[in-house]
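The values are calculated or read from the model by the stated rules, or taken from the named source; none is laboratory data. As the structure is a prediction and not an experimental result, all values here were calculated from the model. Reconstructed Cβ throughout: ideal geometry from the backbone, glycine too, with neighbour counts over all protein chains shown. Each accessible area value is taken on the protein alone, full model and side chains, heavy atoms only, with ligands, DNA and RNA left out. Shrake-Rupley method; radii C 1.70, N 1.55, O 1.52, S 1.80 Å.
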Amino acid sequence: MSKAAKWSISGLLLGVLIFLLSPSFNKLISNFAFWNVKEQSLYLTGSIAIVYMVMSMLLSVRFSFINNISGGLDKAYIIHKWVGIWAFVFSVIHWFIETLFVDIYKLFFELPPKIKGASSISDFAKSIYKIGNELAENAFYILVIVLIVALIKRVPYHKFRYIHKIIPFLFLFIAYHSFTIQIKGVWFGSIGSYILSAVIIIGVIAAVIDLLQLIGFKHKVFAEIVKCERNEKNKTIDLVLKPAEPFEYTAGQYVFLKFCHSREPHPFSIAGYDKESNTLRFLIKELGDFTNELAAKIKKDDIITIEGPYGNFTFNDSRAQQIWVAGGIGFTPFAARLEYLVSLGKKVDNVDFFYSARGENLYPELAELSEKAGVRFHYRDTCKDGRLNFDIIKEKIKDIKNISLWYCGPASFGAALKRNAASCGISKKDIHYDSFDMR
């Protein structure tokens, strides 16, 4: 079962648990009249929806312990996407029951007498939760638009990112509604109320961190650009940065770089680190609008922000043999690992490195580093030899019973490789990759 599925099921169970431990559950099982079932189903769907919303907020603020549980920041973004979708689904169901269900019912049946709320609720208390109802309803309509935009891949990432920033603000309105509606349901004092209130507080904290732009603040450091050279032949930028303080990371990880000309941080794998000069090296392929314009917009001595490191692509496992597969510019984490092994004077004999790209190998240093580290290097020219797949790897390796697969490169290539490897009996937990799809 994927981590996204586990988080989704956990969110559903927690939402249901909150409802079961609230007064609404007792009201439901004691009275199955139409209005009562409708009213208590609102509390059930609302509890599940707010739990998913809080999970989504929590996953977005890049807490280290959350990233570790998720399997890395890139996996946390995937989970964030799916719990966000489930929050949307249950919010729609909640809205449908509240606004449309009764109207549809009236077309076919006569409405029974409406059950009145607790008479002990004061007019002032009613006004508090009614304000929350109005705020949440308006926030919901805006949220629907934002989430639809988020799911449309054709919307450019920079526009999606700015639109997405409104979600923490909308969440605060929904959190207010989720907390104050307990007045109407007479929830306060129940175990369900305590759990729900704690969940809401966690979500509010995460939303405030996001709104104050404090995400990743503990992992940020300024750095100076000491080298910025563009290679016309392979359309890459060789970027070297000098952080303001010693940088600690594990070979294979990545960071977010925020340049002077852009307000958006972008993820890049670290290609190497020179401890003596305290410099980080990045090889950036010109693949889109941002990277295509990058060389023209940055220069030596510019000060930028580094946030990280992130990622669990650190080559740590218990398998007897590792298979490394890189496509295009995806060789950078492997280059960092090779440099690390060479710096230790360490040779390994259990690694095969497959590098696939179009045309001749434009990075001969990979073969040189591999030889020094004892890694068996295999280059495949896709123009001449066709696309690399796991069947080709299997022919080279022979015994695949005790191996782990480490992949970095184009998403479509990786998806096909992972499916192929899984069909050959490689366990999903032994297939490691970093996904830079942030939506």
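Checking the conditions here, which among Phe256, Phe268 is more than 20 Å from Arg358 (Cα to Cα), out of contact with any Asp or Glu (no Cβ under 7 Å at 6 or more places or on another chain) and at pLDDT 85 or above?
Within the list Phe256, Phe268, the selection yields Phe268.
Restricting attention to region 204-242, which residues are among the small types (Gly, Ala, Ser) and either at pLDDT 90 or above or open to solvent by 20 Å² or more (accessible area, probe 1.4 Å) (or both)?
Across region 204-242, the qualifying residues are Ala206, Ala207, Ala223.
For region 206-243, name all the residues that are in contact (Cβ under 8 Å) with a residue 40 or more places away in the chain, among the charged types (D, E, K, R) and within 20 Å of Thr291 (Cα to Cα).
Passing the criteria: Glu224, Lys227, Arg230, Lys233, Lys235, Asp238.
Quick check on Ser435: is it within 17 Å of Lys285 (Cβ to Cβ) and touching a residue at least 60 places away in the same chain (Cβ under 8 Å)?
yes
Residues Asp385, Asp391: which one is exposed (fewer than 15 other Cβ atoms within 10 Å of the Cβ), on the phi < 0 side of the Ramachandran plot and under 32 Å from the mean Cα position of the chain (by Cα)?
When all the criteria are applied, what remains is Asp391.
Given the criterion assigned to a helix (DSSP H, G or I) and among the hydrophobic types (A, V, I, L, M, F, W, C), identify the matching residue among Ile181, Ile215, Ile225, Ile237.
Ile181
Can we say Glu134 is surrounded by fewer than 13 Cβ atoms within 10 Å (Cβ to Cβ), at pLDDT below 85 and either over 20 Å from Ser41 (Cβ atoms) or over 35 Å from the mean Cα position of the chain (by Cα) (or both)?
no
May I ask you to say which residue of Ser370, Ser412 is surrounded by 20 or more Cβ atoms within 10 Å (Cβ to Cβ) and free of Cβ contacts under 8 Å to residues at least 40 places away in the same chain?
Only one candidate qualifies: Ser370.
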